[in-house]
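This report concerns only the one structure given below.
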Amino acid sequence: MVLATEMGSSQPESSFDLSTYLAKRKEAIEVALDSALPVIYPEKIYEAMRYSLLAGGKRLRPILCLASCELAGGTTSMAMPTACAMEMIHTMSLIHDDLPAMDNDDYRRGKLTNHKVYGDDIAILAGDALLTYAFEFIATKTENVPPQQVLQTIAHLGHAAGAGGLIGGQVVDVESEGKTDVSLETLNYIHAHKTGALLEACVVCGAILASASTADLQRLSRFAKNIGLAFQIIDDILDITATQEELGKTAGKDVQAGKVTFPSLWGIEESRRQASQLVADAKDQLAVFGSKALPLLAIADFITSRSN
Ligand code: GRG
């Protein structure tokens, strides 16, 4: 797939081979994740952590982190430990989200969910272990980055994964279940936190590691918040339109659970339009970076065109 990517109104369109870019990045991330987590005693927990961490997935979060670090003048090796940590935290959230006490799902990434294989007790612990290891991994494995930037990265990510981010969004989501009068404001809160906060942290932390200016961090944060919301709108649409095979998880769960979603409020066409508008606004934020922003711009387009 070669995407034509608009670089702001005053610049010509450039083409960028996103498929090759994503495939190469995914390959490097798979290698880094595999070596990040060896199996030692007690083997059961490491096997459970590896089962979900190495189960595939688009690896969008680490890819965003590496791309953002490079955009800000850093290297992929500076950001790789943080990129891996992002995927560890994302995987933790999927393991916990699939538990019977949460969404109660049997399939994820085309495989049985963690608790279906290891039991609820080990699945909870595998999630906890991935979450804590993520922070240890950034602190101990990051090289050639000033300590202040590493500390700022850990603080930003800690907030994004906590009650002010991922957990807060999940709490409001759980509390909204079964209600038919969930407002657009609440839906926006849920997704800005449950999905958006970690995506934002991926983009912002990548740039923090490269010592980006405050102004650039703000631009990247706005970019990421917009694509985070667009990502969730598309996720809601795919829950209706895609098959279990395409998704690698149970399809049609939102409708089945009577959940209020963007398509249930707006319909599918308007949801698509809103997602496209969010992506367009996101891309505007990156105009100042010129061609350095090509990967992030292409990833933004990919978010609305994806089928899983
Ligand atoms: C204990 C810190 C802590 C958090 C737990 C369970 C929970 C709180 C939050 C749930 C977060 C969640 C599951 C959000 C949904 C995000 C989402 C759209 C996931 C799908 O992401 P993709 O499409 O999946 O990138 P792949 O498999 O490609 O990685």
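The values are calculated or read from the model by the stated rules, or taken from the named source; none is laboratory data. Every value quoted in this text rests on a predicted model; they were computed, and no experiment measured them. Heads up, the Cβs are rebuilt from the backbone with ideal geometry, glycines too, and the neighbour counts pull from every protein chain shown. Surface areas here come from the heavy atoms of the whole protein model, side chains and all, with no ligands, DNA or RNA. Shrake-Rupley method; radii C 1.70, N 1.55, O 1.52, S 1.80 Å.
Relative contact order of the stretch 157-277: 26 percent, from C-alpha pairs under 8 Å at least 6 residues apart in sequence. Rounded, prolate or oblate: which one fits the chain, using the alpha carbon gyration tensor with axes a ≥ b ≥ c (rounded when a/c is under 1.5, else prolate when a/b beats b/c, else oblate)? Oblate, because a/c is 1.5 or more while a/b does not exceed b/c.
The residue list Ala155, Leu112, Leu99 was ranked by how far each Cα lies along the charge dipole of the chain toward its positive end, using unit charges on Cβ atoms, and Ala155 comes out on top. Computed with a 1.4 Å probe on the full set of protein chains, the accessible area for His96 sits at about 40 Å². With an 8 Å cut-off on Cα pairs and a minimum separation of 6 or more residues, tell me the relative contact order of the stretch 77-126 in percent. That works out to 27 percent.
Listed peptides 205-211, 292-298 appear in the order 205-211, 292-298 once ranked by packing, highest mean of other Cβ atoms within 10 Å at the front.
By the Cβ-Cβ criterion of under 4.7 Å, the unpaired cysteines of the chain are Cys69, Cys84, Cys205. Whole-Hz Karplus values for the stretch 57-68 come out as x, 6, 6, 4, 5, x, 4, 4, 5, 5, 5, 5 Hz, taken residue by residue from phi with 6.51 cos²θ - 1.76 cosθ + 1.60 and θ = phi - 60°; glycine and proline positions read x.
What whole-number value in Å² describes the accessible area per residue of the chain for a 1.4 Å probe? Don't jump to the answer; show the numbers that get you there.
Values: 13530 Å² over 308 residues.
Value returned for the chain: 44 Å² of accessible area per residue.
Here the Karplus relation 6.51 cos²θ - 1.76 cosθ + 1.60, evaluated at θ = phi - 60°, turns the backbone of the stretch 140-155 into coupling constants of 9, 10, 6, 10, 6, 10, x, x, 4, 6, 5, 4, 4, 4, 5, 5 Hz, with x for every Gly and Pro.
Based on DSSP H segments of at least four residues, each scored -39500 (n - 2.57), the chain has a per-residue ellipticity at 222 nm of -22000 deg cm²/dmol. Under a model in which nothing but the beta-carbon of Lys, Arg (+1) and Asp, Glu (-1) is charged, the stretch 223-308 shows a dipole of about 220 debye around its Cα centre.
Within the accessible area of the chain, what % is carbon and sulfur when the probe is 1.4 Å and the other protein chains stay in place? Intermediate results must be reported in sequence, preceding the final value.
Numbers: 7210 of 13530 Å².
Accessible surface attributable to carbon and sulfur in the chain totals 53 percent.
Placing pseudo-labels 7 Å out from each Cα toward the beta carbon at Ile40 and Tyr107 gives an inter-label distance of 3.7 nm. For Arg108, the residues 5 or more places off, or on other chains, whose built amide H falls under 5 Å of its own are Thr113.
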